[in-house]
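> One structure follows; several queries about it will come next.
The values are calculated or read from the model by the stated rules, or taken from the named source; none is laboratory data. Computed from a prediction, not measured in an experiment: that's the story for all the values here. Cβ placement follows ideal geometry from the backbone for every residue including glycine, while neighbour counts extend to all protein chains displayed.
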Amino acid sequence: MCISGSVGKNGANDHPDVKTVQILLNVSAALLGLNSPLAEDGAIGPSTLTAIETFQRKVMGMAAPDALVSPNSPLSAGFALIFQPDSIL
């Protein structure tokens, strides 16, 4: 995943980075149980924060999600797993 800054709660939340995370979360919508796709508008909001937390909990197995995606973080690696053909997700 290619983001230059942090996205989420107390993150830098630069528009292109937020949009990238929103797109990746939408690709994961069925896995996350999203009722409707996130707006891919680059704006951080409650729906995006909740989706990040859900991804952290369901995919990453975090007991205490922090709703923050940072470049080169384990959460970034979790997004990468979704796009691997041999992924068990």
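> Every residue in the stretch 35-80 that is part of a helix (DSSP H, G or I), of a type in the set (Ser, Thr, Tyr) and within 18 Å of GLY5 (Cα to Cα), please.
Matches in the stretch 35-80: THR48, SER76.
> When the residues of the stretch 43-89 are narrowed to those that are touching a Gly at 6+ places or on another chain (Cβ under 8 Å) and small (Gly, Ala, Ser), which ends up modelled with the highest pLDDT?
Looking at residues that are touching a Gly at 6+ places or on another chain (Cβ under 8 Å) and small (Gly, Ala, Ser), I get ALA67.
> Output the residue which, of all residues in the stretch 1-31 that are part of a helix (DSSP H, G or I) and free of Cβ contacts under 8 Å to residues at least 12 places away in the same chain, is nearest to SER73 (Cα to Cα).
ALA29
> Output the number of residues of the stretch 22-34 satisfying the condition of being closer than 15 Å to CYS2 by Cα and modelled with pLDDT under 95.
Final tally of qualifying residues: 3.
> Of all residues in the stretch 4-37, how many are among the hydrophobic types (A, V, I, L, M, F, W, C) and over 11 Å from the mean Cα position of the chain (by Cα)?
4
> Additional query: Considering each residue of the stretch 32-56, count those that are surrounded by fewer than 21 Cβ atoms within 10 Å (Cβ to Cβ), under 18 Å from PRO74 (Cα atoms) and not polar (S, T, N, Q), and give that number.
Going through the stretch 32-56 one residue at a time, the tally reaches 3.
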